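The values are calculated or read from the model by the stated rules, or taken from the named source; none is laboratory data. Here the structure is a predicted model, which means the values were calculated and not measured. Note that we place each Cβ from the backbone using ideal geometry, even for glycine, and neighbour counts take in every protein chain shown.
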Amino acid sequence: MKSKVAVIPCQGYDEFKVNEAIKKGISLLGGWESFVKPEEKILLKPNLLNRADVERAVTTHPAVFRAVARNLLDNGYLNVTYGDSPGHPGSVEKTAEACGIKAVADDLQIALADFAQSKTIDYVHGRTSRRFEISQGVLDSDAIINICKMKTHQLERITGAVKNMFGCVHGIHKGAAHVKYPDAESFAKMLIDLNFYLKPRLHIMDGIVAMEGNGPASGNPVNMNVILMSGDPVALDSTFCRLVNLNPAEVPTVYYGSIYGLGNWENDKIEIVGVDDLIYYCNPKFDVAREKKYSGKWAVIGRLASVEKRPVILKKKCIRCGACIRACPLEEKALYFPETSGSTKPRIAEKGVPVYNYKKCIKCYCCQEMCPERAIVVKRKFIPFI
Ligand code: SF4
Ligand code: SF4
């Protein structure tokens, strides 16, 4: 059976236009009743990665959140909460406030779900992960509506519907998951188990202004002018890939999501509704990692040297705040202030920016995600064999 993906053009975050786009998308997918029941407790799960300004396209735009919530309420779905577990330590509420989501929720009288407490759950059907620490607010809900953001990601190439569910994992346990599943493949497989366990009903991607380049927190906003909606997270992420000229099979969450039966990524198994031809909405120059691991020039270089991606700090941008060190999930941090040999709190007299110990670093890029100054980039390092 084909998976349906609604691609709804929407230029800008004007409240009326976004509202109409969400209405059109949900109608093309069969109405809210195809996904949720009025008596169910519905959790809206936006992307609240950090406290970045809305214009930086790090988090789900409040206008999209408002349109989804407003539409649900107008259609008699009154038991609605929201929440996410941000990357920054501290309260969800403060992050939601900084991102403009809390103001919308307060206006619509939607309560924040309990993301302060959590419970360990065993998931016996997991292929890669059979245990998760899930926020209580997620467990208290009957149905999740995933409101993700169209962005690039250093580990998984893109972060979309499948990856956004990681925010249901509670606080510091996200860091532990990075340590346990350090490479893109194992991390993707864990995410797929998580999606199978949580079974979000509907995925809505804010792709009006997306993030390209050094995502998911330090990239550049780019107008894509679309909202994507689907019950199938793999098909939705695969459609995002097509819009930006990225082979979906190169994205681990899409590839393994299809292999393990979470959804469809192949063209002939996806029905696009809402637009006649996807090609008019494509941005082939979208800045995203498209290369195969060792194809093209990398294949030649790969024969002569080991090619390794790793995080690098741009000294001129770094303000020595230490957020990157605190974000590192390793017990023995893989980056530190040189003067303090391991401290996460710089003294005023200190001059140096954090330095990496690449032998310890597992390349999870949590440091890059949490840098408030966009001072961490991912570069390739050539290590000659001879
Ligand atoms: S988080 Fe960014 S700005 Fe802060 S110390 Fe690390 S690299 Fe520098
Ligand atoms: S230094 Fe950065 S990329 Fe390396 S393990 Fe720590 S957080 Fe991950």
| remark: So, first residue more than 21 Å from Q136 (Cβ to Cβ) in the range 103-125, second residue surrounded by 13 or more Cβ atoms within 10 Å (Cβ to Cβ), Cβ within less than 6 Å, six or more apart or across chains; the pairs are V104/P62; V104/F65; V104/R66; L108/A69
| Looking at T120, T81, which one is in a strand (DSSP E or B) and closer than 12 Å to L43 by Cβ? | T81
| query | Name the residues in the range 126-151 that are farther than 23 Å from E39 by Cβ and touching a residue at least 12 places away in the same chain (Cβ under 8 Å), would you? | reply | G126, R127, T128, S129, R130, F132, E133, C148, K149, M150, K151
| Filter pass, V179 being away from ligand 2 (no atom under 16 Å from the Cβ) and in the same structural domain as G137 (by TED's automatic domain parsing) | no
| query | For Q154, which of the numbered conditions (1) at pLDDT 95 or above; (2) crowded, with 20+ Cβ neighbours inside 10 Å fails to hold? | reply | (1)
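Which ones in the range 217-241 are touching a helix residue (DSSP H, G or I) at 6+ places or on another chain (Cβ under 6 Å) and of a type outside the set (S, T, N, Q)? Outline the logic, then answer.
The initial filter retains those residues of the range 217-241 that are touching a helix residue (DSSP H, G or I) at 6+ places or on another chain (Cβ under 6 Å), namely 217, 226-230, 233-234, 236-238, 241.
Once the filter is applied, which keeps residues that are touching a helix residue (DSSP H, G or I) at 6+ places or on another chain (Cβ under 6 Å) and of a type outside the set (S, T, N, Q), the range 217-241 yields A217, V226, I227, L228, M229, P233, V234, L236, D237, C241.
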| field | Only one of D84, D74 that is at pLDDT 95 or above and touching a Gly at 6+ places or on another chain (Cβ under 7 Å) | value | D84
| message | Residues that are in contact with a strand residue (DSSP E or B) (Cβ under 7 Å, 6 or more places away or on another chain) and part of a loop (DSSP other than H, G, I, E, B): does the range 84-95 have at least one? | response | yes
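Looking at the structure I just gave you, is V312 more than 15 Å from ligand 2 (Cβ to nearest atom), in contact with a strand residue (DSSP E or B) (Cβ under 8 Å, 6 or more places away or on another chain) and at pLDDT 95 or above?
Details: more than 15 Å from ligand 2 (Cβ to nearest atom): no; in contact with a strand residue (DSSP E or B) (Cβ under 8 Å, 6 or more places away or on another chain): yes; at pLDDT 95 or above: yes.
It is false that V312 is more than 15 Å from ligand 2 (Cβ to nearest atom), in contact with a strand residue (DSSP E or B) (Cβ under 8 Å, 6 or more places away or on another chain) and at pLDDT 95 or above.
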| remark: Among (1) assigned to a loop (DSSP other than H, G, I, E, B); (2) modelled with pLDDT under 60; (3) of a type in the set (D, E, K, R), E339 falls short only on (2)
| message | Can you confirm whether K41 is of a type in the set (K, R) and closer than 16 Å to V138 by Cβ? | response | yes
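Collect the residues in the range 209-242 that are touching a Phe, Trp or Tyr at 6+ places or on another chain (Cβ under 6 Å) and surrounded by fewer than 24 Cβ atoms within 10 Å (Cβ to Cβ), keeping them in residue-number order. Before the answer, list the steps.
In the first step, residues of the range 209-242 are kept if they are touching a Phe, Trp or Tyr at 6+ places or on another chain (Cβ under 6 Å); the result is 212, 226, 234, 238.
Listed by number, the list holds a single entry, E212.
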| query | Pairs under 7 Å by beta carbon, first residue at positive phi and within 15 Å of ligand 1 (Cβ to nearest atom) in the range 357-379, partner at pLDDT 95 or above and in a strand (DSSP E or B), six or more apart or different chains? | reply | Y365/P311
| task | Please tell me if K41 is in contact (Cβ under 8 Å) with a residue 12 or more places away in the chain and closer than 16 Å to S230 by Cβ. | result | no
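Would you mind stating whether G100 is out of contact with any Lys or Arg (no Cβ under 6 Å at 6 or more places or on another chain) and over 30 Å from C371 (Cα atoms)?
Numbers: out of contact with any Lys or Arg (no Cβ under 6 Å at 6 or more places or on another chain): yes; over 30 Å from C371 (Cα atoms): no.
No, not satisfied.
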| field | Selected residue (criterion: surrounded by the most Cβ atoms within 10 Å (Cβ to Cβ)) from residues of the range 160-197 that are within 20 Å of G215 (Cα to Cα) and among the charged types (D, E, K, R) | value | K163
